[in-house]
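Inspection log for the structure reproduced underneath, given as structure tokens.
Please treat every number below as a calculation from the coordinates, not as lab data. Not measured: the values here are computed from a predicted model. Please note: Cβ atoms are built from the backbone with ideal geometry, for glycine as well, and neighbour counts cover all protein chains shown.
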């Protein structure tokens, strides 16, 4: 019995060492493979929005702009007194990736916080370059966890399968292309594939069960459509009737 327990501890230790080395190799590989896509300034709304929210999180201002905007209240109050409708100026006075919230009349970041929370783990100046590695490690951790729970144990097979999946994501499109810029899709690969192992293991893991509810909760911070857009869709439909 003691020998069997010692063998199990040794096996788990070897698997842990394997995963630690694999994590390091995957982190470096994703960095080397994609870093030349991330040497320039942020491109488009997604990169700008997620990076600046990461900076705001670093400063303890999760849903606020990290840049001081002292003239916003006076400008918005002045515009509200004009004959212009909100639709005429709401995008004009907002910086890239920000919107004027029609409910509060405050300038807010249009993106959900999940991707930026991951980016905030790295220094802000390096977050863009390290984003592929951060997203890959997040996916690897969730894949290992999902496969281990579906098998009932942490095994070399499950760990190797998780590493193989990450290698596939790095080398095959459309997955590969998602790591070339900062977006909310790349971090969810591990969540979605890991959720598939739960469904494969037991048909009972469907949308009415706690597994689906928790996987939904994990995906939600990365999904723009679940953040505040249901309310915004109604608002834009309403003001579009003016035209």
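Can you classify segment 78-138 as rounded, prolate or oblate using the Cα gyration tensor, where a ≥ b ≥ c are the square roots of its eigenvalues, rounded means a/c under 1.5, and otherwise it's prolate if a/b beats b/c and oblate if not? Prolate, because a/c is 1.5 or more and a/b exceeds b/c. Computed across segment 45-114, the Kirkwood radius stands at 12.7 Å (inverse of mean 1/r, all Cα pairs).
Could you calculate the FRET efficiency of residue 71 with residue 103 from 1/(1 + (r/R0)^6), where r is the beta carbon distance between them and R0 is 25 Å, rounded to 0.05?
Values: r = 21 Å, r/R0 = 0.84.
After rounding, the FRET efficiency stands at 0.75.
Put simply, when 182-195, 88-101 are sorted by average Cβ atoms within 10 angstrom per residue, most first, you get 182-195, 88-101. Values of log10 I(q)/I(0) for segment 4-161 across q = 0.20 Å⁻¹ run -1.18, by the Debye formula with one identical scatterer at each alpha carbon and no solvent.
Sort 32, 128, 106 by Cβ crowding within 10 Å, fewest neighbours at the top.
Numbers: 32 11, 128 24, 106 17.
Lowest count first: 32, 106, 128.
Packing, taken as the mean count of other beta carbons within 10 Å per residue, orders the peptides 19-26, 49-56 from highest to lowest as 49-56, 19-26. Residues 40, 47, 151, arranged from fewest to most other Cβ atoms within 10 angstrom of their Cβ, appear as 40, 151, 47.
Taking neighbour counts of Cβ atoms within 10 Å as a proxy for exposure, in what order, fewest first, do 104, 115, 67 appear? Before the final figure, lay out the partial values.
Numbers: 104 8, 115 29, 67 11.
By the 10 Å Cβ count, ascending, the order reads 104, 67, 115.
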